[in-house]
Amino acid sequence: MKESRTQTIANGEIAQAQHPDTIAAISTPPGIGAVAVIRISGPHSWKLGRSLVKEKAKFDRLKERENSVFTLVSSGNSGELDKVLVVKYRAPASYTGEDVVEIQCHGGLAVPFAVCEAAIAAGARTARAGEFTRRAFLNGKLDLVQAEAVDELIHARGEQGRKLAYSALKGELGREVGRLREILLELKAEIEYGIDFPEEDPLENLEIRIKERCDTAKSVICSLMKGAERNLLLNRGVLTVIAGAPNVGKSSIFNRLLGKQRSIVTEQAGTTRDAVEMETMIEGMLFRLVDTAGLKKRAGEIERIGVEYSRQYIEEADLVLFIHEAGTNFRKAEKEFLKTFAEKKVVRVVNKIDLLADPDNVPEGYIPVSAKESRGLSALRKAMLKAVLPHADSRKLKTISGPQVTSQRQKG
């Protein structure tokens with residue numbers, strides 16, 4: 001298989017990889033909807049698709065990439081399943097690079113499942129997770145970056161994540177990596193030439209050419225890596241844990257940042273005993289906010305488990321919002337927390353400034369906020385973005401373009 005893929009790349013052509021079996025699967029998510037798509041791919045997909053429709057002569061006349069309505073029947077024509085739309089694709093002009101039949105049936109749970117079962121009964125094998133895209137990669141329809149981008153595009157949870165994934169799917173990163181490869185091959189050739197034929201070219205000319213190619217390669221790499229950390233955060237969202245002592249207003253700030261009531265807020269301390277996670281867009285970035293149980297030295301069994309969950313979230317967090325109550329002394333648990341997680345990116349917040357005679361009288365380095373009166377939230381949002389991306393501009397996040405590194409594998 002590797003040899004076939006290498007030969008495909010070397011020749012600059014698309015050659016169909018040899019897969020003896022034909023696979024089938026529902027390509028749309030399960031659930032109630034108007035339409036579902038069942039994809040069949042492999043050497044026998046057309047023959048198999050023909051066996052599933054009542055109008056076989058019409059199927060034979062159906063041109064590639066055109067669609068028409070058919071009556072779908074179960075194995076052996078024993079019963080009609082649905083009125084469906086069928087599209088035929090001939091290799092290599094398909095998503096997988098193989099012969100493909102796509103069946104668009106009514107959505108829901110029962111109909112797509114019955115259609116897929118009929119395809120399997122007719123001789124197809126159930127496709128494994130990601131197998132259609134894997135075949136597309138092996139057949140030279142997608143490079144590895146584009147194959148990753150398919151998954152990233154499907155799972156994109158924000159507009160910027162969608163743009164980054166689509167950029168990779170278009171091949172922008174792949175082309176830039178290809179350009180870098182050419183530069184490095186030219187550099188390798190220059191060095192080998194200088195070693196093998198030192199008398200053919202003045203040494204200073206060779207050194208100049210090598211330096212120029214090194215500078216060009218470095219420039220390309222630096223350009224790609226420049227936005228890598230930002231892109232990773234844009235793709236997965238910034239895991240942000242809201243931490244602090246009981247009754248400092250963590251849940252109130254959580255609700256204000258979300259723009260809706262999600263965590264229970266009462267005057268009683270310790271209302272939150274479990275971690276509550278929700279997503280929201282802040283300054284053009286996706287933040288995954290986590291409201292946690294309050295920090296305390298002594299706690300009951302349920303509270304102790306809640307505090308342990310909080311610490312686990314904090315260990316994995318990209319950002320921590322540490323909330324302190326205005327006008328109160330720092331508790332021992334708060335001091336220990338700040339010392340323990342000193343290496344984390346922490347935005348320090350003083351809440352309940354509405355209770356202070358002088359709202360500006362807050363500890364240095366803390367953002368004054370009143371969740372109750374919605375004061376200071378704009379400054380808090382800007383501080384959150386700056387903490388994770390010190391050089392980011394929320395306006396520039398909306399205009400990201402060009403080849404971008406979007407995963408930890410690419411960055412590594």
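The values are calculated or read from the model by the stated rules, or taken from the named source; none is laboratory data. A quick note: this is a predicted structure, and the numbers were derived from the prediction, not measured. Neighbour counts are summed over all protein chains in view; Cβ atoms, including those assigned to glycine, are modelled from backbone coordinates with ideal geometry. Side chains included, ligands, DNA and RNA excluded: accessible areas come from the protein's heavy atoms. Shrake-Rupley method; radii C 1.70, N 1.55, O 1.52, S 1.80 Å.
Which numbered condition in (1) at pLDDT 80 or above; (2) under 30 Å from CYS222 (Cβ atoms); (3) touching a Leu at 6+ places or on another chain (Cβ under 8 Å); (4) not aromatic (Phe, Trp, Tyr) is the only one that ALA392 fails? Looking at each condition in turn, ALA392 falls short on (1). The residues of the stretch 253-281 that are farther than 24 Å from ASP354 by Cα and at pLDDT 60 or above, listed by number, are ALA275, VAL276, GLU277, MET278, GLU279, THR280, MET281. Restricting the search to helices (runs of 4 or more DSSP H) fully inside the stretch 125-191 and requiring at least 2 residues that are in contact with a strand residue (DSSP E or B) (Cβ under 7 Å, 6 or more places away or on another chain) and modelled with pLDDT of 85 or more gives 131-138.
In the set ALA189, ALA228, only one residue is within 40 Å of the chain's Cα centre (by Cα) and under 30 Å from GLN312 (Cβ atoms); that residue is ALA228. Restrict the check to the stretch 162-170 and report whether at least one residue is touching a Ser or Thr at 6+ places or on another chain (Cβ under 6 Å) and closer than 30 Å to GLU279 by Cβ. So far as the stretch 162-170 goes, yes, one or more of its residues are touching a Ser or Thr at 6+ places or on another chain (Cβ under 6 Å) and closer than 30 Å to GLU279 by Cβ. Looking only at residues in the stretch 206-252 that are modelled with pLDDT under 85 and basic (Lys, Arg), which one is surrounded by the most Cβ atoms within 10 Å (Cβ to Cβ)? Among them, the one singled out is ARG230. Considering the stretch 1-28, and only residues there that are of a type in the set (Gly, Ala, Ser) and open to solvent by 50 Å² or more (accessible area, probe 1.4 Å), the residue that is modelled with the highest pLDDT turns out to be SER27.
Listed here are the residues, each with its yes/no results for (1) outside any loop (DSSP other than H, G, I, E, B); (2) open to solvent by less than 50 Å² (accessible area, probe 1.4 Å); (3) modelled with pLDDT of 85 or more.
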| position | (1), (2), (3) |
| --- | --- |
| LEU289 | yes, yes, yes |
| GLY294 | no, yes, no |
| ARG298 | no, no, no |
| TYR309 | yes, no, no |
| ILE323 | yes, yes, yes |
| LYS339 | yes, no, yes |
| GLU343 | no, no, yes |
| VAL349 | yes, yes, yes |
| ALA357 | no, no, no |
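On the stretch given as the stretch 59-98, residues that are aliphatic (A, V, I, L, M), part of a strand (DSSP E or B) and out of contact with any helix residue (DSSP H, G or I) (no Cβ under 8 Å at 6 or more places or on another chain) total 3. When restricted to residues that are closer than 17 Å to PHE113 by Cβ and either open to solvent by less than 50 Å² (accessible area, probe 1.4 Å) or in contact (Cβ under 8 Å) with a residue 60 or more places away in the chain (or both), the stretch 29-47 contains 11.
For the stretch 94-147, filtered to residues that are closer than 12 Å to LEU81 by Cβ and free of Cβ contacts under 8 Å to residues at least 60 places away in the same chain, the residue that is least open to solvent (accessible area, probe 1.4 Å) is ALA114.
Of the residues making up the stretch 95-142, those that are polar (S, T, N, Q) and more than 22 Å from LEU62 (Cα to Cα) are THR126, THR133, ASN139.
Across the stretch 48-84, the number of residues qualifying as hydrophobic (A, V, I, L, M, F, W, C) and open to solvent by 50 Å² or more (accessible area, probe 1.4 Å) comes to 3. A count restricted to the stretch 159-183 and to residues that are open to solvent by 80 Å² or more (accessible area, probe 1.4 Å), in contact with a helix residue (DSSP H, G or I) (Cβ under 9 Å, 6 or more places away or on another chain) and not aromatic (Phe, Trp, Tyr) stands at 4. Of all residues in the stretch 32-79, those that are charged (D, E, K, R) and within 39 Å of the chain's Cα centre (by Cα) total 7.
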